[in-house]
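Nothing in this text is a laboratory measurement; each read-out follows from the coordinates by a stated rule. Computed from a predicted structure; not experimentally measured. FYI the Cβ positions are ideal-geometry reconstructions off the backbone, even for glycines, and counts take in every protein chain you see.
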Amino acid sequence: MEHLNVEIKARCSDVLSARQVLKGAGARFVGEDHQIDTYFRVENGRLKLREGNIENHLIFYRRGNQAGPKASEVALLETQAGSPLKAFLEKALGSWMCVDKRREIYFVENVKFHLDQVSGLGTFLEIEAIDMEGKYGQAKLEEQCRFWMEKLNVQDADLLSVSYSDLLESTFPASKNEQ
C-alpha cells in the first residue's frame, strides 16, 4: 500500500519526558518492538525489510535528506516473521546495512511516534504524520508534525537529516555488508 508521510527524526536525550508527553496527550501505546531493518542495494530510494515482534514489512521509500519535516513516498508490503524473503532479496540485490533497534510505538490519530534505542547510535524520537488514504495532504501532515515537535520540545539542533542506516555507515563504515 502506497501512502504519504511527513516525518522527522531527532536525537532524544529525555525519553522519560517524551513518554510522559505522549501519555498525557492520550497516545495509544502499541508496544515495544525489537526490530531488525535490513537495507538492500537499489538504484533509487531505499528498500528495507523490517523484522520485528510487532511490525514485519518490506518497505520502499523515497525522501530528501533535510533536518526538518520531510515528505516521504512510502510503499509497504506486510510480510511474515521467518519468511524466506530476506534470503531471496539478499541473493537478488545484496544487502547494504542492518539497523538493530528497540522501538516503543505510539499513535495519536494518524500520527505515529517512535522512541528508539538504536544499537551503536543512541536514543531517538521519530514523528510520522501518515496519510494512508489521501485525505490530509502534505500541508496538513507538515502542520501535524510541527505541532508535535513543539509539544515534545524537539530542538532544531536535535533534528537529523539522514536515516539510521546513513548514521551507522558514517559512524561504523566497516559494519556495511559487502555482498
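What percent does the relative contact order of the chain come to when contacts are Cα pairs within less than 8 Å and at least six residues apart?
31 percent
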Whole-Å distance, taken between Cα centres, linking segment 120-154 and segment 51-92: 18 Å
Fully extended contour minus Cα-Cα distance, from F107 to L16, at 0.36 nm per residue: 31.1 nm
Magnitude of the charge dipole, the chain, Cβ model with Lys/Arg +1 and Asp/Glu -1, debye to 20: 80 debye
Cα radius of gyration and Dmax for the chain (Å): 15.8, 46
Per residue convex hull volume, Cα atoms of segment 106-167, in Å³: 107 Å³
